[in-house]
Amino acid sequence: MTISGIKIDNFTVFESAEIAFCPGVNVIIGANGTGKSHLLKLLYAMTQQASAGTLIEGSRHTRSLVRPLLNGLFKPEDGD
């Protein structure tokens, strides 16, 4: 699966963002708290939904399809 870009609205630290990716390797850098990990988790959730065949590119329903997986990704692990 190739991801050419992503548009994010009102997601964690992202009020509004549109990010284009280059073919091959992309490097994500930034200061602490700028959303690097959140971006990677969002992209991971999208790829998991796409591999399950439930992600429809350009669909307004994409958010509701990815949300259940995101809830698990952003939930803190239980500590002892």
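The values are calculated or read from the model by the stated rules, or taken from the named source; none is laboratory data. Please read all numbers here as calculations on a predicted model, not as lab measurements. All accessible areas refer to the heavy atoms of the entire protein, side chains included, with ligands and DNA or RNA removed. Shrake-Rupley method; radii C 1.70, N 1.55, O 1.52, S 1.80 Å.
What accessible surface, in Å², does a 1.4 Å probe find on residue 3, ignoring ligands, DNA and RNA and rounding to the nearest 10?
50
For the full complex of protein chains and a 1.4 angstrom probe, list 34, 47, 2 by accessible area with the highest value first. Each step should come with its number before you reach the end.
On the way: 34 70, 47 40, 2 130 Å².
So the residues, ranked largest to smallest area, are 2, 34, 47.
Using a 1.4 angstrom probe with every protein chain in place, what is the largest-first accessible-area order of 74, 14?
On the way: 74 70, 14 30 Å².
Correct descending sequence by accessible area is 74, 14.
Through the Karplus equation 6.51 cos²θ - 1.76 cosθ + 1.60, θ set to phi - 60°, convert the phi angles of the range 5-15 into ³J(HN,Hα) values in whole Hz; use x for Gly and Pro.
Karplus-based 3J(HN,Hα) across the range 5-15 equals x, 8, 10, 10, 10, 6, 10, 6, 7, 8, 6 Hz.
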